[in-house]
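Contents: one structure, followed by commentary.
The values are calculated or read from the model by the stated rules, or taken from the named source; none is laboratory data. This structure is a prediction, so every number in the text was calculated from the model and none was measured. All Cβ positions, even for glycine, are placed from backbone atoms using ideal geometry, and neighbour counts span all protein chains on display. Ligands, DNA and RNA are excluded from the accessible area calculation, which covers all protein heavy atoms including side chains. Shrake-Rupley method; radii C 1.70, N 1.55, O 1.52, S 1.80 Å.
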Amino acid sequence: MRSLRTGLSLAALFTGAVMLFAAPAAHAADTPLRDLAAAKGKVIGTAVTGSKLTGTYGDIAGSQFSSLTPGNAMKWETVEPTQGSFNWAEADQIVAFAQAHNQQVRGHTLVWHSQNPSWLTNGTWTSAQLSSLLQNHISTEVGRYKGKITAWDVVNEPFNEDGTYRSTLWYNGLGANYIAQALTWAHAADPAAKLYINDYNVEGVNAKSTALYNLVKSLKAAGVPIDGVGLQAHLILGQVPATLQQNIQRFADLGVDVAITELDVRMALPADSTKLAQQKADFKSVMAACVAVARCVNVTVWGFTDSDSWVDSTFPGYGAATPYDANYAPKPAYYGLSEALGGTTTTPPTGACSATYSVGSQWNTGFTGQVTIACSGASLSSWKASWTYGAGQQITQAWNATCTQSGTAVSCANASYNGTVPDGGSVSFGFNASWSGSNPVPVVTLG
Ligand code: G2I
């Protein structure tokens, strides 16, 4: 009893605070991506949700990007939910925001098999009726925004993976010629807008991208107004196609522009420092491929923050696919984009988060410890605290983290419920451990 009381009072002596890295707010001094891109003759864009364009979301969208793409606001089901009754509110709002921030707008998308209104998909139409519905839709929407849209994704996702035409309302009703007709109608409605065909899984050289290549070549030969191809680039961590730059180049050599239109890189959750570093490399190599080809004009991310991404709901267990975390802190991926555009920042991508280690109580054979991870001017979506026990200490039990010890090396990762450390917030976990002889406070690293 006496020794226990002595041990407890001594514990205060062992309570130390270890600051890790404390960087300034990670994005404070960095040159905005749009300025870096402009210096390379490129445009950098993001998909946006109109209702979110205020506060920090609006600040980042307006200051970092030189192009906006409405994520859903210009799709047919949004703009004409009931036949003949139009809703342009969100699309107008995004266009106005872009104009106020000196940004381009990529119009997305006029002809697609998805996100069409039910009155259209459930209707029974002759070819002539379908053709006239499509022409009216294109003329109305492109005409409304004439002079305000830099580029339109006129036709979206026309191909199957094997390079055959996708069976859709349009292909089945009008034949493959719907593509040339849509481009021609869009050109008539806004002759200055650049007209694109946009698809996914066409980033590398493969059957699908070769079908797109052959289509563009034949459209050009026939004098159809086609100005560019959009490579969506919904990628999986570590899987940027090796032939991306070669593929961009072959389209450029056909005499069309190329845009990376919907870039994101999804990973299995939870994110960790290894995955985020790979994601940085992936974003960097995509941007570098675009920078390397003069006719690659725009790289657009499909949502700039993990709180505004389609990935999490579509691929359960996957996420963290964008360059900013859910609390608007730039992730390593942001610095991947920045570095590929010539940015020279060396700011630690994990930002100003630190861990403090303390011994709470200590008795002759054991002690209770605590680590607090706190963020200021940065945030974390997952964490791992590691240290070395040089004096034979051994973790026996932990709570609010999963701790493993191998020899002298201790590593504690967040539990499923406390991976997020918001800007200005903190998370703590505790543990019991044994000791003998001495119990020095270790240096903790955060990853
Ligand atoms: O699916 C990812 C993208 C693939 N390429 C074409 C893009 O247009 C497409 O974007 C996504 C939007 O980011 C999502 O936000 O398209 C999805 C639909 O295919 C959009 O998801 C829909 C949800 O499915 C709806 O439940 C929701 O009401 O977004 C709607 C509006 O938030």
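Can ASN298 be described as touching a Lys or Arg at 6+ places or on another chain (Cβ under 9 Å) and either among the basic types (Lys, Arg) or within 25 Å of LEU68 (Cβ to Cβ) (or both)? Yes, satisfied. Residues in region 307-315: is at least one of a type in the set (Val, Ile, Thr), without any contact (Cβ under 8 Å) to a residue 24 or more places away in the chain and open to solvent by 30 Å² or more (accessible area, probe 1.4 Å)? Checked against the condition, which is being of a type in the set (Val, Ile, Thr), without any contact (Cβ under 8 Å) to a residue 24 or more places away in the chain and open to solvent by 30 Å² or more (accessible area, probe 1.4 Å), region 307-315 yields at least one hit.
Please determine whether any residue of region 230-238 is in contact with a Ser or Thr (Cβ under 9 Å, 6 or more places away or on another chain) and part of a loop (DSSP other than H, G, I, E, B).
Our first condition is that a residue be in contact with a Ser or Thr (Cβ under 9 Å, 6 or more places away or on another chain); within region 230-238, this holds for 230-233.
Cutting the leftovers down to part of a loop (DSSP other than H, G, I, E, B) gives us 232-233.
Scanning region 230-238 turns up at least one residue that is in contact with a Ser or Thr (Cβ under 9 Å, 6 or more places away or on another chain) and part of a loop (DSSP other than H, G, I, E, B).
Restricting TYR324, TYR318, TYR334 to residues that are in contact (Cβ under 8 Å) with a residue 12 or more places away in the chain and touching a Phe, Trp or Tyr at 6+ places or on another chain (Cβ under 6 Å) narrows the list to TYR324. Considering only residues in region 301-320 that are part of a loop (DSSP other than H, G, I, E, B) and touching a Lys or Arg at 6+ places or on another chain (Cβ under 9 Å), the one that is nearest to the ligand (Cβ to nearest atom) turns out to be SER309. Of TYR178, TYR165, all but one fail to be over 23 Å from PRO70 (Cα atoms) and open to solvent by 50 Å² or more (accessible area, probe 1.4 Å); the exception is TYR165.
Do we find that THR344 is free of Cβ contacts under 8 Å to residues at least 12 places away in the same chain, among the polar types (S, T, N, Q) and either open to solvent by less than 30 Å² (accessible area, probe 1.4 Å) or closer than 26 Å to ILE60 by Cα (or both) in this structure? In short, yes. Looking at the structure I just gave you, is SER354 closer than 18 Å to SER273 by Cα and in contact (Cβ under 8 Å) with a residue 60 or more places away in the chain? Answer is yes for this residue.
Residues in region 272-300 that are assigned to a strand (DSSP E or B) and more than 16 Å from the ligand (Cβ to nearest atom): CYS296, VAL297.
A single entry from ASP282, ASP190, ASP199 fulfils the requirement of being crowded, with 20+ Cβ neighbours inside 10 Å, acidic (Asp, Glu), farther than 27 Å from HIS137 by Cα and modelled with pLDDT of 95 or more: ASP282. Each residue in region 134-143 was checked for being surrounded by fewer than 18 Cβ atoms within 10 Å (Cβ to Cβ) and not polar (S, T, N, Q), and 1 pass.
Of all residues assigned to region 92-102, at least one qualifies as being open to solvent by 20 Å² or more (accessible area, probe 1.4 Å) and within 16 Å of the ligand (Cβ to nearest atom). The requirement of being open to solvent by 60 Å² or more (accessible area, probe 1.4 Å) and of a type in the set (Lys, Arg) is not satisfied by LYS208. Restricting THR402, THR420, THR350 to those that are among the hydroxyl-bearing types (Ser, Thr, Tyr), modelled with pLDDT of 95 or more and out of contact with any Phe, Trp or Tyr (no Cβ under 7 Å at 6 or more places or on another chain) reduces the list to THR402.
LEU269 meets each of the listed conditions (1) open to solvent by less than 50 Å² (accessible area, probe 1.4 Å); (2) under 30 Å from VAL421 (Cβ atoms); (3) hydrophobic (A, V, I, L, M, F, W, C) apart from (1). State whether the residues of region 384-403 include one that is in contact (Cβ under 8 Å) with a residue 24 or more places away in the chain, under 24 Å from GLN279 (Cα atoms), assigned to a helix (DSSP H, G or I) and open to solvent by less than 30 Å² (accessible area, probe 1.4 Å). No: zero hits.
Filtering region 54-88 to residues that are more than 14 Å from the ligand (Cβ to nearest atom), over 21 Å from LEU337 (Cβ atoms) and either in contact with a helix residue (DSSP H, G or I) (Cβ under 8 Å, 6 or more places away or on another chain) or open to solvent by less than 60 Å² (accessible area, probe 1.4 Å) (or both) leaves GLY55, GLU80, THR82, GLN83, GLY84, SER85, PHE86, TRP88.
Number of residues in region 404-416 that are in contact with a Gly (Cβ under 8 Å, 6 or more places away or on another chain) and either under 20 Å from ALA320 (Cβ atoms) or surrounded by fewer than 14 Cβ atoms within 10 Å (Cβ to Cβ) (or both): the value is 0. LEU263 meets each of the listed conditions (1) touching a residue at least 40 places away in the same chain (Cβ under 8 Å); (2) assigned to a strand (DSSP E or B); (3) in contact with a Phe, Trp or Tyr (Cβ under 8 Å, 6 or more places away or on another chain); (4) under 30 Å from ALA413 (Cα atoms) apart from (1). Could you check, for region 235-257, whether at least one of its residues is within 16 Å of the ligand (Cβ to nearest atom) and either surrounded by fewer than 19 Cβ atoms within 10 Å (Cβ to Cβ) or without any contact (Cβ under 8 Å) to a residue 24 or more places away in the chain (or both)? Yes, because at least one residue in region 235-257 is within 16 Å of the ligand (Cβ to nearest atom) and either surrounded by fewer than 19 Cβ atoms within 10 Å (Cβ to Cβ) or without any contact (Cβ under 8 Å) to a residue 24 or more places away in the chain (or both).
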